[in-house]
């Protein structure tokens, strides 16, 4: 190609990094190119949060207009900023490989509290202008104050440094691309399956004129078909919901063993509780339509979960915020079993938050470099309350699979299992060498005699012992929907005649809420 290619880009540090990244790739294709900076509406208006801006394409419209006017030949966009429908005469010629799609929390070190969810102090001021992030933040932490935060990535970080906020939210992709040193802060990567990112977050979209067939032949060589398929589902959900930057919508898709797995979070407005669902499909055809249909079909009902719920419970907040009636009642209680001494070990594994609490309240002496494993994010969070971090977290409902993965992680090292009296020992049974394992009873479960039995259309069972205690007081009707937190709980329900239990995608309150919304 004889002509020089003009690449259009916004002028922020991150946008220019992205443009230069593509410039180098274009040059490797044998093309001559240069970058032209274009100011967009989103760059020009810094005093308003996204939900107060009108229309769509705040960061793309002016660049697209320059492309149509032939002032530039190739536009480099953050794909998440692009409206789902290209203007007439333009098309996406390629999408990049995906950088880490996760969101991150950057917290001033004097504002850290690892005992609390998301690890910032109570009543913290958190900076973000994203309605999606605001909605999900409030679902996890209803005590916080959210303050709008605009500007490029370095500007936002400087505002945190200047103590205008206690914590701020950023995209992992932007920080990693700019290689920013954040060692002065506490940095937490948020699991995108839990804190759901924007559709196509971490992906670059390369846009050209539709009739520029010669350039298309070059640029399409940069296309990642794998990423294109995944974000195609994410952006189709966005398109069907007619959303833009103002819509509090998170969609995250992965493909594992030829199966698409999608997590979705949607709220009506930034300060409303989000609805969440998780779905799987072997085909992308009609998958986004099914997700949107199920989101729109959610109808509130009554729920009983066999767990005492706190006021800051994510499960309680998101369901009640969407009109559900929620009762949290445990049908068992735990009692400490005194321990005399703790054997020396390389690992300690906890299968429940109760095991964590009863173990550490006895002030056991541990060697400094001991490692911890847990099942579920609730157990992981309980561990953090004791200033310990988990080196292994199993979160899928099949405890046998978790046990096999943990056994592989441990290798030849020794493991201590603080547990309940009469515990099922499913994790231990996945080890080939039982000689390096030690069981330590730290609590026992007893049935509550006076537990109430409220009526509910949906029953959520959180342990086999809660199933047993519930069935001593009542039964499950054919009209009730039943959710079991894992395979062991499902097995106990099946023994008592309950079939067709629903298993959540994860053991935590997020997974349980997704299962309820999905009914």
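Of the residues making up the range 414-450, those that are over 34 Å from the mean Cα position of the chain (by Cα) and over 25 Å from residue 401 (Cα atoms) are 446, 447, 448, 449, 450.
Taking the residues in the range 225-244 that are in contact with a strand residue (DSSP E or B) (Cβ under 6 Å, 6 or more places away or on another chain) and within 12 Å of residue 284 (Cα to Cα) as candidates, determine which candidate is surrounded by the fewest Cβ atoms within 10 Å (Cβ to Cβ). For the range 225-244, the residue satisfying everything is 228.
Residues in the range 133-143 that are crowded, with 20+ Cβ neighbours inside 10 Å and more than 15 Å from residue 276 (Cβ to Cβ): 134, 141. For the subset of the range 455-474 comprising residues that are at pLDDT 90 or above and in a loop (DSSP other than H, G, I, E, B), which member is farthest from residue 277 (Cα to Cα)? Checked the range 455-474; the qualifying residue farthest from residue 277 (Cα to Cα) is 455. Taking the range 475-496 as the range and being free of Cβ contacts under 8 Å to residues at least 12 places away in the same chain and in a loop (DSSP other than H, G, I, E, B) as the test, the residues that pass are 475, 477, 478. In this structure, is residue 378 assigned to a helix (DSSP H, G or I), outside the structural domain of residue 355 (by TED's automatic domain parsing) and either surrounded by 19 or more Cβ atoms within 10 Å (Cβ to Cβ) or in contact with a helix residue (DSSP H, G or I) (Cβ under 7 Å, 6 or more places away or on another chain) (or both)? It is false that residue 378 is assigned to a helix (DSSP H, G or I), outside the structural domain of residue 355 (by TED's automatic domain parsing) and either surrounded by 19 or more Cβ atoms within 10 Å (Cβ to Cβ) or in contact with a helix residue (DSSP H, G or I) (Cβ under 7 Å, 6 or more places away or on another chain) (or both).
Looking at this structure, is residue 177 free of Cβ contacts under 8 Å to residues at least 60 places away in the same chain, outside any loop (DSSP other than H, G, I, E, B), assigned by TED's automatic domain parsing to the domain that holds residue 143 and surrounded by fewer than 23 Cβ atoms within 10 Å (Cβ to Cβ)?
On the way: free of Cβ contacts under 8 Å to residues at least 60 places away in the same chain: no; outside any loop (DSSP other than H, G, I, E, B): yes; assigned by TED's automatic domain parsing to the domain that holds residue 143: yes; surrounded by fewer than 23 Cβ atoms within 10 Å (Cβ to Cβ): yes.
The answer is no for residue 177.
Which members of the range 245-302 meet the condition of being in a loop (DSSP other than H, G, I, E, B) and crowded, with 17+ Cβ neighbours inside 10 Å? Give the steps one after another, and end with the answer.
Going through the range 245-302, the residues in a loop (DSSP other than H, G, I, E, B) turn out to be 245-248, 257-258, 267-274, 282-286, 298-301.
Within the range 245-302, 245, 246, 247, 248, 267, 270, 272, 273, 274, 298 qualify.
Each row is one residue, and each column tells you yes or no for (1) closer than 21 Å to residue 356 by Cα; (2) surrounded by fewer than 18 Cβ atoms within 10 Å (Cβ to Cβ); (3) at pLDDT below 90.
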residue: 394; (1), (2), (3): yes, no, no
residue: 402; (1), (2), (3): yes, no, no
residue: 422; (1), (2), (3): yes, yes, yes
residue: 435; (1), (2), (3): no, yes, no
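Please find, within the range 98-115, the residue that is nearest to residue 177 (Cα to Cα) out of those that are surrounded by fewer than 22 Cβ atoms within 10 Å (Cβ to Cβ) and more than 17 Å from the chain's Cα centre (by Cα). Filtering first and then ranking leaves 108. Taking the listed residues 457, 472, the one that is assigned by TED's automatic domain parsing to the domain that holds residue 503, under 32 Å from the mean Cα position of the chain (by Cα) and over 23 Å from residue 399 (Cβ atoms) is 457, with no other qualifying.
The values are calculated or read from the model by the stated rules, or taken from the named source; none is laboratory data. Values in this document were obtained by computation on a predicted structure and should not be read as measured data. Counting neighbours? That spans all protein chains shown, and the Cβs are built from the backbone with ideal geometry, glycine included.
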